[in-house]
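Presented below is the structure to which this report refers.
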Amino acid sequence: MQQQHNSTFPQWFANSRGRCHTRSYGGKPRQPGDSSAPAAAVTVKPRVDACALLTSKEIESVQGEAVKETKLTGQSTGGFSVSQCFFTLPTFTNSVSLLVAQKGEGAGANDPKDFWRDTFHEAKARKNDKDRDKKKGEENEPVVPPQKIPGVGDDACWTSSRVGGALYALKGNAYVRISIGGPSNQATKMNRSKALAQKALARL
């Protein structure tokens with residue numbers, strides 16, 4: 001399996017990061033590795049090899065195709081150390097993206113547990129923001145609240161999006177995000193992402 005290093009990922013996977021973060025920039029949620037954030041991302045050697053957290057056989061078991069190649073990138077951004085792997089499949093739209101976020105280095109380091117709390121456990125703040133936008137007459141994309149997924153890591157949530165969604169799973173001081181492609185419905189993608197997340201977390 002060929003491994004390449006590339007900082008650019010297909011846009012449809014970039015858009016599948018979910019829309020649950022309460023802190024926004026320019027009207028869009030900010031996520032580790034999001035190039036829309038004001039702080040510039042710095043390409044670095046990944047602290048964790050995200051491509052080593054899933055095997056070709058494991059991906060084939062849920063997507064029906066073996067991995068053609070992998071692309072690994074590392075970034076220091078938003079106070080996080082981020083490793084991301086794009087598993088390219090023969091049918092490109094079936095490909096899989098796996099991100100691992102850990103606490104960064106230096107004074108500006110952010111704890112993934114804090115990010116997790118802000119993202120998934122401040123429903124009241126999100127509701128207030130949504131109500132305030134309605135009063136202002138703003139027409140935003142409907143916000144679908146994250147769905148808690150039991151049995152994965154310390155905590156896990158599924159976030160829906162127009163292109164399918166993503167599974168976030170917290171373990172200790174790190175979290176993973178898995179997005180899978182293909183024509184399957186949300187429920188199927190959620191179950192497949194859950195199976196892959198359990199495999200990845202076991203190696204993290």
Tell me which of these Pro112 doesn't satisfy, since it passes every other one: (1) modelled with pLDDT under 95; (2) surrounded by fewer than 22 Cβ atoms within 10 Å (Cβ to Cβ).
(2)
Restricting to the range 96-108, give me the number of residues that are surrounded by 14 or more Cβ atoms within 10 Å (Cβ to Cβ) and farther than 18 Å from Gln198 by Cα.
2
Quick one: in the range 47-65, of everything that is in contact (Cβ under 8 Å) with a residue 24 or more places away in the chain and more than 17 Å from Leu201 (Cβ to Cβ), which residue is surrounded by the fewest Cβ atoms within 10 Å (Cβ to Cβ)?
Gly64
Please state which of the following conditions Gln31 fails to meet, knowing it meets all the rest: (1) modelled with pLDDT of 80 or more; (2) touching a helix residue (DSSP H, G or I) at 6+ places or on another chain (Cβ under 7 Å); (3) buried (at least 19 other Cβ atoms within 10 Å of the Cβ).
(1)
Answer yes if at least one residue in the range 53-71 is closer than 17 Å to Ala109 by Cα and either at pLDDT 50 or above or in contact with a Ser or Thr (Cβ under 8 Å, 6 or more places away or on another chain) (or both), and no otherwise.
no
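Considering only residues that are modelled with pLDDT under 90 and of a type outside the set (Gly, Ala, Ser), which ones fall in the range 76-102? Steps first, please.
In the first step, residues of the range 76-102 are kept if they are modelled with pLDDT under 90; the result is 76-79.
Result: Thr77, single match.
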Looking only at the range 67-95, which residues are of a type in the set (Phe, Trp, Tyr) and surrounded by fewer than 17 Cβ atoms within 10 Å (Cβ to Cβ)?
Phe92
Find the strands (runs of 3 or more DSSP E) located wholly in the range 42-108 whose residues include 3 or more that are of a type in the set (Phe, Trp, Tyr), and list them.
80-88
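Condition check ((1) surrounded by 13 or more Cβ atoms within 10 Å (Cβ to Cβ); (2) in contact with a helix residue (DSSP H, G or I) (Cβ under 6 Å, 6 or more places away or on another chain); (3) over 23 Å from Ser95 (Cβ atoms); (4) modelled with pLDDT of 95 or more) across all residues:
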{"position": "Gly137", "(1), (2), (3), (4)": "no, no, yes, no"}
{"position": "Val152", "(1), (2), (3), (4)": "yes, yes, no, yes"}
{"position": "Thr159", "(1), (2), (3), (4)": "yes, no, no, no"}
{"position": "Val163", "(1), (2), (3), (4)": "yes, yes, no, no"}
{"position": "Val176", "(1), (2), (3), (4)": "yes, yes, no, yes"}
{"position": "Gly182", "(1), (2), (3), (4)": "yes, yes, no, no"}
{"position": "Ala187", "(1), (2), (3), (4)": "no, no, no, no"}
{"position": "Lys194", "(1), (2), (3), (4)": "yes, no, no, yes"}
{"position": "Leu201", "(1), (2), (3), (4)": "yes, no, no, yes"}
Pro146 fails exactly one of (1) in contact with a helix residue (DSSP H, G or I) (Cβ under 6 Å, 6 or more places away or on another chain); (2) at pLDDT 95 or above, namely (2)
Give me the pairs: first residue in the range 186-198 and among the basic types (Lys, Arg), second residue assigned to a helix (DSSP H, G or I) and surrounded by 15 or more Cβ atoms within 10 Å (Cβ to Cβ), beta-carbon distance under 8 Å, and six or more apart or on different chains, which are they?
Arg192/Val62; Arg192/Gln63
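The values are calculated or read from the model by the stated rules, or taken from the named source; none is laboratory data. On a predicted model such as this, the values are computed, not experimentally measured, just so you know. Heads up, the Cβs are rebuilt from the backbone with ideal geometry, glycines too, and the neighbour counts pull from every protein chain shown.
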